[in-house]
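Only one structure is covered here, and it is reproduced in the block below.
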Amino acid sequence: MDRLFIEGLTLYARHGVAPEERERGGIYSFDIELQGDFASAQDQLSETVDYMAVIRRVASFNQTHQFRLIESLAHALSDQLLHDFPPVRHAKVRVHKHPRAPWGLQLGGVAAEVQSERSDG
């Protein structure tokens, strides 16, 4: 099984539980791992998964959907990638939220990771 990685795709979005998070927005990073039989032995883009198409889809999905929980965002995006890219059999999506840490705390971020597989039925 072949694997494609997209790491650190950083986008602005309006996800979050608190109303101010949805109003003000924030920075989210995405790590994507796709698995399937799509490595191109012939060196042809048409025989593989176009990672730029995946990046555009993640960016579009992030802008057109709003979630309260990053877990929900990761799950919905993982399912969407399986739907949009038929050669992909397994998708792992990790969403990093880069919140403004309250109360003077230092916080590098929080993340949620979800894995989905294409059902054969």
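The numbers here are math on the coordinates, done by the rules we state, and not lab data. As the structure is a computational prediction, the values presented were derived from the model and not from experiment. Positions of Cβ are backbone-derived with ideal geometry, glycine not excepted, and every protein chain shown enters the neighbour counts.
Local charge sum around Gly8 (other residues, Cβ-Cβ under 11 Å, Lys/Arg +1, Asp/Glu -1)? Once positives and negatives cancel, what remains is -1. When you restrict to C-alpha pairs under 8 Å that are six or more residues apart and normalise by the size of the chain, the relative contact order lands at 27 percent. Taken along its principal axes, the alpha carbon cloud of region 2-56 reaches lengths of 50, 15, 13 Å, longest axis first. For Phe38, the residues whose amide H sits under 5 Å from its own are Asp2, ignoring neighbours fewer than 5 places away on the same chain, with H placed 1.01 Å from N. Extent of region 2-117 along its three principal axes (Cα atoms, max minus min coordinate, largest first): 55, 26, 21 Å.
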